[in-house]
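Here's the structure, in structure tokens; my notes come after.
The values are calculated or read from the model by the stated rules, or taken from the named source; none is laboratory data. Nothing here was measured: the structure is a model prediction, and the numbers come from that model. Neighbour counts run over all protein chains shown; Cβ positions are idealised from the backbone, glycine included. All accessible areas refer to the heavy atoms of the entire protein, side chains included, with ligands and DNA or RNA removed. Shrake-Rupley method; radii C 1.70, N 1.55, O 1.52, S 1.80 Å.
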Amino acid sequence: MRVNKDQFIEDFVNKLVSKRGKKIKEANLLDKYYALASLTRDYIAEYWVNTNERYLKDNKKQIYYFSMEFLIGKLLISNLMSLGIKEVCEDGLKDLGLDLNEIAEIEKEPGLGNGGLGRLAACFSDSMATLGIPGYGVGIRYKYGLFQQKIMEGYQEEFPDQWLKYENAWEIKRPSESVEVKFGGNVIITQKDNRLKFVHENYESILAVPYDIPIVGYKNNIVNTLRLLSAEVMDKEFDYYHFNKGEYTKAFEDKYNTEAISYVLYPDDSYEKGKILRLKQEYFLVSSGVQSIVESFKKSGKHLKEFYKYVSIHINDTHPALAIPELIRILIDEEGFGWDEAWKITKHTISYTNHTIMAEALEKWNVDMIKKFLPRIFMIIEEINERFCKELWNTKYNGDFDKISEMAIIADNQIKMAHLAIVGSHSINGVAKLHTEILKRKELKEFYNIYPEKFNNKTNGISHRRWLLKCNPKLASVISEYIGPSWIDSPESLMNLLEFKKDPCFKEKIYKIKQYNKNKFANMVKEKYSIEINPNSIFDIQAKRIHEYKRQVLNVFHIMHLYNKLLENPNLDIYPRTFIFAGKAAPGYYIAKETIKLINSLGKKINNDYRIKDKLKVLFIEDYNITLAELLMPAADVSEQISTTTKEASGTGNMKFMMNGAITIATLDGANIEIANEVGEDNIIIFGLKAKEVLEIYKNNTHNSIDIYNEDIRLKTVMDELINGFLPVSMDEFKGIYDSLLKDNDKYLVLKDFCDYVRAQEKIDKLYRNKSKWLEMSVTNIAYSGKFSSDKTIEEYAKEIWGAL
Ligand code: 26V
């Protein structure tokens, strides 16, 4: 868009008055933020309206991306950049004596997700808008996002994330587009004109109120929509009878119970049985979403028979899988379709992404629960299941009861959501090549046998706009200086950087930028934690959810081993390193929380030990979120991607670090494999067991952690230090971790990979000393990172799954 500086200044000053009732002199930072954000939204509005109008006219396929999580990050700067007016605003504000970054910092980040899955949804939304694909995100407007993490005495403590405490400057509430979602009650079946009719009675109604957030395409005048739904009571806000009796809690009980549906994001990244509220959230999302889509489709005048030709509904993991029975319900009960046609329309409309093979994250709902809260939906799932089992019986598996009950959607009084999602959709994809292969050959192999055509791979990607252009402006500008700005629209042209990987002048610039970003990070650490870190040390970062399979403990063991070596010989030639951790643990995940305590205890010991002469530092930065990630990625020298091979479906942090020039130390897991294939083995440090070996170990149970413990004295020493008073905690503090590794035979093969990990880390130490070589590797990583732009991923989804390009 076009706005000149004078116009901007005038608009801004007026906005402060109209929106906040203040002149610049009296305005505080919050006033300035809201004025600027609101002005930016005004600027966006015109394009938003035009885009919607165009989409309506164009008759193109609309993509609805259903996700329980959207981790979009702060929006002010990125929106200004997408509008192409960041510099003008910055200048204008400067004239007023204001600093854009200071204002932008005060924005509250909507933490509406747990991790990779939620951030992927945000990167995809960004890419859809930038590619001009009519894409709508559909999610929940949780009043409280993922908990705020504070570290107290080394332990994680959780606090409510009150991101809506003030207002959300970006959203537009649309009460007139609210829809009714029905829970509970019973279903009456009658017969009319030779057809069964299903009437849902005695249900409880909840209103789903949409809030729309603009998703601004990058300098293309396109603005897509992220629609977040909030639960409200249908009509009666409170009960006068109880109110008059002074029973205030009772008077408002219904309201609270209803609205609780969209109060809190579940802070788990794995599934816990029997959470009624979570089930309600999932149905709330899909029912309101699918109803609105059908309504708006009907307005277009086309026949619902053609629904799937104009609408794709993509479900982000199985969490929104009830979209399948919900669409069938609407088509049959409300629109008068017969089963066969409703089934065909639904299957052609829906596609599904699987994000994990971790058994504990695979959703299964108790039959009685679904029956009680969603009686009509249950009938439909039962029907799908019966027909599916019959199909199996009549085709491949005649007489094979075991196979059929293994594949059934309903078995052992449970509904398996992954099975429902596969049977009721036309496409299922994994998120990296290895992950998809494991789905096809192992986890879902029975389904692959009968529906090979449904399975496909779509390796994840990240938005290079947020993860390079926005978060690392200095790097972005040097890149443009050398290869021109075309990489912003076509990220694969980052490859042109390879030409300069041996250019000393270019490399020096890359080095200086990394130093600048490291200094910036070090200053934050000093200010916030009063810890001095050496910006000339290697910044070695592991930032992700805390989970046994991600093996933060392996990282810790290596640090302890280095520390032991230094204690033995304080003059040992170790390149100074700062080990940085960040990430949240699910509040109920004991071992993960103990891992945080372990990192902090080690930090306390090492950071205060003058004997090792500041060669090692260990930091845990609290409250990892998108905003912190934007500071961390540009400051990293080393990216830790060390999951137990086969367990990390893809990973996307790996791509963000690489794009900012960090060197990856990794197992051949998830997308690490594809990163390694791109950059070549000289530009990534690979270690550890291969997928085949891991699968073999799991299958034949050939692993014995006690043997490794006894054989490797370095490892034995480190492990003993967990429980012998070496760390500044009680002796039994880390008994849980210790036992999981020895008594429980180290399910995630930490001990097995330790030796090779130490070797790989020694290689890093050596390589970093060769500055020229290191910078060459760094440039190579940046150059190949364009391959992992979510623009490319979304293009593949659009072409191969949605039929939309
Ligand atoms: C499951 C549940 C179950 C109910 C409570 C809330 C909740 C939240 C998340 C999940 C699923 C976790 C799966 C997940 O996040 N997978 C990650 O997806 C990334 C994007 O595809 C991928 O890069 C990571 O490797 C994968 O772990």
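Does residue 677 count as part of a helix (DSSP H, G or I), at pLDDT 95 or above, of a type in the set (S, T, N, Q) and surrounded by 21 or more Cβ atoms within 10 Å (Cβ to Cβ)?
In short, no.
How about the stretch 160-250: which strands (runs of 3 or more DSSP E) wholly inside it have at least 1 residues that are closer than 30 Å to residue 367 by Cβ and of a type in the set (S, T, N, Q)?
In the stretch 160-250, 186-192, 204-216, 223-233 are the strands (runs of 3 or more DSSP E) which contain 1 or more residues that are closer than 30 Å to residue 367 by Cβ and of a type in the set (S, T, N, Q).
Name the single residue that is farthest from the ligand (Cβ to nearest atom) among those in the stretch 652-663 being touching a residue at least 60 places away in the same chain (Cβ under 8 Å) and within 16 Å of the chain's Cα centre (by Cα).
The residue in question is 657.
Counting only residues that are in contact with a helix residue (DSSP H, G or I) (Cβ under 8 Å, 6 or more places away or on another chain) and more than 17 Å from residue 542 (Cα to Cα), how many does the stretch 588-604 have?
Of the residues in the stretch 588-604, 2 are in contact with a helix residue (DSSP H, G or I) (Cβ under 8 Å, 6 or more places away or on another chain) and more than 17 Å from residue 542 (Cα to Cα).
For residue 305, only one of the following conditions fails: (1) basic (Lys, Arg); (2) more than 16 Å from the ligand (Cβ to nearest atom); (3) within 23 Å of residue 120 (Cβ to Cβ). What is its number?
So the condition that residue 305 fails would be (3).
When you scan the stretch 115-129, do you find a residue that is more than 16 Å from the ligand (Cβ to nearest atom), part of a loop (DSSP other than H, G, I, E, B) and more than 27 Å from residue 270 (Cβ to Cβ), even just one?
No, every residue in the stretch 115-129 fails to be more than 16 Å from the ligand (Cβ to nearest atom), part of a loop (DSSP other than H, G, I, E, B) and more than 27 Å from residue 270 (Cβ to Cβ).
Residue-by-condition table, conditions (1) farther than 23 Å from residue 190 by Cβ; (2) in contact with a Ser or Thr (Cβ under 7 Å, 6 or more places away or on another chain); (3) not hydroxyl-bearing (Ser, Thr, Tyr):
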position	(1), (2), (3)
302	yes, no, yes
342	no, no, yes
369	yes, no, yes
374	no, no, yes
395	yes, no, no
398	yes, no, yes
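Is it fair to say residue 370 is within 16 Å of the ligand (Cβ to nearest atom) and touching a His at 6+ places or on another chain (Cβ under 8 Å)?
no
Can you find a residue in the stretch 67-87 that is in a strand (DSSP E or B) and either within 16 Å of residue 463 (Cβ to Cβ) or open to solvent by 10 Å² or more (accessible area, probe 1.4 Å) (or both)?
Within the stretch 67-87 (the criterion being in a strand (DSSP E or B) and either within 16 Å of residue 463 (Cβ to Cβ) or open to solvent by 10 Å² or more (accessible area, probe 1.4 Å) (or both)), the answer is yes, since at least one residue qualifies.
Is it true that residue 239 is closer than 23 Å to residue 179 by Cα, touching a helix residue (DSSP H, G or I) at 6+ places or on another chain (Cβ under 9 Å) and without any contact (Cβ under 8 Å) to a residue 60 or more places away in the chain?
yes
Within the stretch 691-698, is even one residue under 26 Å from the mean Cα position of the chain (by Cα) and either among the aromatic types (Phe, Trp, Tyr) or more than 16 Å from the ligand (Cβ to nearest atom) (or both)?
no
Of all helices (runs of 4 or more DSSP H) completely enclosed by the stretch 477-577, which ones contain at least 2 residues that are surrounded by fewer than 18 Cβ atoms within 10 Å (Cβ to Cβ) and touching a residue at least 12 places away in the same chain (Cβ under 8 Å)?
Working: elements: 486-489, 504-529, 552-568.
Those helices (runs of 4 or more DSSP H) span 504-529, 552-568.
Can you tell me how many residues in the stretch 404-454 are in contact (Cβ under 8 Å) with a residue 40 or more places away in the chain, of a type in the set (D, E, K, R) and within 16 Å of the ligand (Cβ to nearest atom)?
3
Any chance the stretch 730-746 includes a residue that's surrounded by 20 or more Cβ atoms within 10 Å (Cβ to Cβ), in contact with a Gly (Cβ under 7 Å, 6 or more places away or on another chain) and closer than 17 Å to residue 715 by Cα?
no
Sort out which residues of the stretch 166-194 are in contact (Cβ under 8 Å) with a residue 12 or more places away in the chain and charged (D, E, K, R), and write them in order of number.
Within the stretch 166-194, 167, 171, 173, 174, 177, 180, 182 meet the criteria.
Quick one: count up the residues across the stretch 39-51 that are open to solvent by less than 60 Å² (accessible area, probe 1.4 Å) and either of a type in the set (Val, Ile, Thr) or farther than 16 Å from residue 1 by Cα (or both). So that I can check it myself, show each step before the final result.
Step one: filter the stretch 39-51 for residues open to solvent by less than 60 Å² (accessible area, probe 1.4 Å), giving 39-40, 43-45, 47-48, 51.
From what's left, either of a type in the set (Val, Ile, Thr) or farther than 16 Å from residue 1 by Cα (or both): 40, 44, 51.
Of the residues in that region, 3 qualify.
Exactly one of these conditions fails for residue 776: (1) in a loop (DSSP other than H, G, I, E, B); (2) more than 30 Å from residue 455 (Cα to Cα). Give me its number.
(1)
Name the pairs: first residue in the stretch 761-783 and free of Cβ contacts under 8 Å to residues at least 60 places away in the same chain, second residue in a helix (DSSP H, G or I) and not basic (Lys, Arg), Cβ to Cβ under 8 Å, at least 6 apart or on different chains?
773/767
Report every pair of residues separated by at least 6 positions or lying on different chains whose Cβ atoms are under 8 Å apart, first residue within the stretch 720-733 and farther than 14 Å from residue 604 by Cβ and part of a loop (DSSP other than H, G, I, E, B), second among the small types (Gly, Ala, Ser) and open to solvent by 30 Å² or more (accessible area, probe 1.4 Å).
731/725
Tally the residues that are outside any helix (DSSP H, G or I) and free of Cβ contacts under 8 Å to residues at least 60 places away in the same chain, restricting the search to the stretch 736-760.
Restricting attention to the stretch 736-760, the residues satisfying the condition of being outside any helix (DSSP H, G or I) are 742-749.
From what's left, free of Cβ contacts under 8 Å to residues at least 60 places away in the same chain: 742-746.
Within the stretch 736-760, residues that are outside any helix (DSSP H, G or I) and free of Cβ contacts under 8 Å to residues at least 60 places away in the same chain number 5.
Only one of 139, 185, 132, 145 is out of contact with any strand residue (DSSP E or B) (no Cβ under 6 Å at 6 or more places or on another chain), open to solvent by less than 70 Å² (accessible area, probe 1.4 Å) and not polar (S, T, N, Q); which?
Exactly one of 139, 185, 132, 145 is out of contact with any strand residue (DSSP E or B) (no Cβ under 6 Å at 6 or more places or on another chain), open to solvent by less than 70 Å² (accessible area, probe 1.4 Å) and not polar (S, T, N, Q), namely 132.
When the stretch 54-112 is examined, which residues are found to be among the polar types (S, T, N, Q) and more than 28 Å from residue 26 (Cβ to Cβ)?
Scanning the stretch 54-112 gives 59, 62, 67, 78, 82.
Here is a check on your reading of the model: is residue 649 within 13 Å of the ligand (Cβ to nearest atom) and more than 24 Å from residue 558 (Cα to Cα)?
Working: within 13 Å of the ligand (Cβ to nearest atom): yes; more than 24 Å from residue 558 (Cα to Cα): yes.
So residue 649 passes the test.
Would you mind telling me which numbered condition in (1) at positive phi; (2) in contact (Cβ under 8 Å) with a residue 24 or more places away in the chain residue 307 fails?
Failing condition for residue 307: (1).
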